[in-house]
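What follows is a single structure, written as structure tokens, with notes after it.
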Amino acid sequence: MERSLTMELVRVTEAAALKSARWMGRGKKEEADDAATSAMRDVFDTIPMKGTVVIGEGEMDEAPMLYIGEKLGNGYGPRVDVAVDPLEGTNIVAQGTWNALAVIAIADHGALLHAPDMYMDKIAVGPEAVGKVDINASIADNLKAVAEAKNKDVEDVVAIVLNRKRHEGLIEEIRAAGARIKLIPDGDVAAAINTAFDHTGVDILFGSGGAPEGVLAAAALKCLGGEIQGKLLPANDEELERCKSMGIEDINKVLYMDDFCSGDDAIFAATGVTDGELLQGVQFKGTKATTQTIVMRAKSGTVRFIDGDHSLKKKPNLVIKP
């Protein structure tokens with residue numbers, strides 16, 4: 001992949017964030033998602049790459065744009081896999097709460113897992129705890145391993161978990177082990193990324209969430225030197241067949257970093273739509289708007305935080321006189 005693509009992706013996520021932020025707190029998650037998707041798609045047409053969507057808004061018959069298999073870019077440049085979530089946290093934006101992101105990841109063609117749209121059990125950690133956790137181990141053992149890796153007591157470890165009824169048992173196990181919990185309403189891509197930054201106060205992610213989001217989180221953690229493990233959770237025979245079509249006969253198979261994102265390179269970008277621990281959300285200030293974006297590349301290990309100022313002035317119509 002070309003280094004120049006790094007900054008091109010920033011334009012993509014900024015555009016999606018700016019459009020979807022207009023819907024914050026209005027209770028209309030579909031409209032917010034549509035705004036982000038349309039904005040992201042428009043910018044893709046200008047980017048010098050030959051991209052194919054492998055994680056997107058759904059199958060072709062489910063999504064008018066950014067559907068799985070759609071070709072992106074201007075037809076020049078490297079051939080890449082593209083994973084997108086134009087608005088990670090549609091409910092978050094609708095309700096005006098924390099940690100909504102516009103997200104994109106790219107990797108060399110064939111490098112990203114074509115994850116089916118189903119639940120996946122996940123565990124994610126930052127660089128200090130890489131190689132120390134095991135999704136098949138007990139919650140208590142994983143918390144102890146993270147505590148030792150980060151030189152702290154288990155009582156000081158913070159686990160982040162989606163606040164769902166299906167996680168009631170998990171939450172009780174974490175509490176019984178003595179750790180603290182941050183419950184979140186949505187947005188487990190942001191939650192996984194936060195495990196790699198000390199100032200977010202998050203040490204480990206537990207629980208089930210969308211498999212496509214697992215791929216996006218894996219691309220980010222690959223850039224950050226972190227780790228995610230996952231196990232697909234098919235809910236019915238149709239989803240079980242989708243696993244088998246991916247070559248996963250054993251649903252207990254653990255997916256590791258190289259299963260999610262193989263090779264030595266990936267580029268990840270996310271722009272805050274609403275405020276979060278890691279990124280500030282879009283702010284509208286008279287004739288301008290501000291954004292904050294994180295963009296990173298696995299091959300170089302570079303992590304950039306980019307503050308953007310965007311003019312909101314309408315450009316005058318061009319009048320051509322005879």
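The values are calculated or read from the model by the stated rules, or taken from the named source; none is laboratory data. On a predicted model such as this, the values are computed, not experimentally measured, just so you know. When we count neighbours, we look across all protein chains shown, and the Cβ atoms used for this are built from the backbone with ideal geometry, even at glycine. All accessible areas refer to the heavy atoms of the entire protein, side chains included, with ligands and DNA or RNA removed. Shrake-Rupley method; radii C 1.70, N 1.55, O 1.52, S 1.80 Å.
Determine whether the range 60-78 contains at least one residue that is touching a residue at least 12 places away in the same chain (Cβ under 8 Å), in contact with a Leu (Cβ under 7 Å, 6 or more places away or on another chain) and either surrounded by 19 or more Cβ atoms within 10 Å (Cβ to Cβ) or not assigned by the TED database to the domain that holds residue 186 (or both). The answer is no, given that none of the residues of the range 60-78 is touching a residue at least 12 places away in the same chain (Cβ under 8 Å), in contact with a Leu (Cβ under 7 Å, 6 or more places away or on another chain) and either surrounded by 19 or more Cβ atoms within 10 Å (Cβ to Cβ) or not assigned by the TED database to the domain that holds residue 186 (or both). Residue pairs whose Cβ atoms lie under 6 Å apart, separated by 6 or more positions or on different chains, with the first residue in the range 289-305 and over 18 Å from residue 197 (Cβ atoms) and the second part of a strand (DSSP E or B) and open to solvent by 30 Å² or more (accessible area, probe 1.4 Å), are 289/310; 290/283; 290/309. Within the range 250-308, the set of residues being part of a loop (DSSP other than H, G, I, E, B) and aliphatic (A, V, I, L, M) comprises 251, 254, 266, 273, 278, 279, 282, 298. Out of curiosity, is residue 13 at pLDDT 95 or above, closer than 23 Å to residue 193 by Cβ, open to solvent by 40 Å² or more (accessible area, probe 1.4 Å) and among the polar types (S, T, N, Q)? No. Apart from one condition, residue 55 fits all of (1) open to solvent by 10 Å² or more (accessible area, probe 1.4 Å); (2) under 12 Å from residue 86 (Cα atoms); (3) aliphatic (A, V, I, L, M); the exception is (1).
Taken together, 47, 92 contain a single residue that is over 16 Å from the mean Cα position of the chain (by Cα) and either among the aliphatic types (A, V, I, L, M) or in the same structural domain as residue 281 (by the TED database) (or both), which is 47. How many of the residues making up the range 23-55 are touching a residue at least 60 places away in the same chain (Cβ under 8 Å) and outside any helix (DSSP H, G or I)? Number of matching residues: 8. Within the range 119-128, the presence of at least one residue that is more than 19 Å from the chain's Cα centre (by Cα) and over 17 Å from residue 185 (Cα atoms) is confirmed.
For residue 90, are the conditions met, namely being modelled with pLDDT of 95 or more and in contact with a helix residue (DSSP H, G or I) (Cβ under 7 Å, 6 or more places away or on another chain)? If you could, list the steps in order and put the result at the bottom.
Working: modelled with pLDDT of 95 or more: yes; in contact with a helix residue (DSSP H, G or I) (Cβ under 7 Å, 6 or more places away or on another chain): yes.
Considered against the rule, which asks whether it is modelled with pLDDT of 95 or more and in contact with a helix residue (DSSP H, G or I) (Cβ under 7 Å, 6 or more places away or on another chain), residue 90 comes out as yes.
Checked against the criterion of being out of contact with any Asp or Glu (no Cβ under 6 Å at 6 or more places or on another chain) and surrounded by 19 or more Cβ atoms within 10 Å (Cβ to Cβ), the candidates 189, 157, 161 yield just one match: 161. Considering (1) modelled with pLDDT of 95 or more; (2) under 16 Å from the mean Cα position of the chain (by Cα), the lone condition that residue 182 does not fulfil carries the number (2).
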